[in-house]
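Each reported figure results from applying straightforward, stated rules to the coordinates on display, with no laboratory input. Nothing here was measured: the structure is a model prediction, and the numbers come from that model. As a convention, Cβ positions derive from the backbone with ideal geometry for all residues, glycine included, and neighbour counts pool all protein chains shown.
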Amino acid sequence: KVFFEIGKTTLNDMNEENLNYFAEQIKNSNSVYTIKGYADKTTGSKARNQKLANDRAKNVYDILIKKGVSEKNLKVADPGEIVAPNGRDAKFVRMVEIK
C-alpha cells in the first residue's frame, strides 16, 4: 500500500520510494498485479472520489512502468464503490493497494 494526502493524486517522496521495492518484486515475478485506488468518502462527492481513486491508481501504474515494470505484469482495477479493503468504511482511506 502507498498513501496519499487528502485530495492528492501524487505521492510524497517516501511513498514513491516505497514503489522501488514493489517494482523490484514485480519485475522478478511472472504474476499479474492489480492496482486499486481508494479515496476518503467523507471529503467530496462519490463521482469526485471515484475519479480521485482511479487517478491515484493510474499514477502508481505510470510510476511502476517508469521503474521498468512490464505492462503485462500490471492492471488497474476500477475503483467501484469507495470502500476500504475488507469492506470496511472508507473514512480516511487515501491509498493505492497493489496485490
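Given the pairs K1/K99; K58/K99; K41/K75; K46/K99; K27/K99, which span a C-alpha to C-alpha distance of over 18 angstrom in this model?
K41/K75; K46/K99
Of N18, T43, I98, which is farthest on the positive side of the dipole of the chain, counting Cα position, with +1 on Lys and Arg Cβ, -1 on Asp and Glu Cβ, and the Cα centre as origin?
The residue sitting most towards the positive pole is T43.
If amide hydrogens are placed 1.01 Å from N in the peptide plane, which non-local residues have theirs closer than 5 Å to the one on T42?
Result for T42 returns F92.
Which residue fluctuates most in the GNM of the chain (Cα springs below 10 Å): K36, K58, K72?
Ranking K36, K58, K72 by mean-square fluctuation puts K72 first.
Enter the angle in degrees (range 0 to 90, nearest 10) between the Cα long axis of helix 46-66 and the first principal axis of the Cα atoms of the chain, meaning the one along which they spread out most.
Roughly 10 degrees, rounded to the nearest 10.
When DSSP assigns beta bridges and you keep just the ones with both residues in the chain, what percent turn out antiparallel, to the nearest 5?
60
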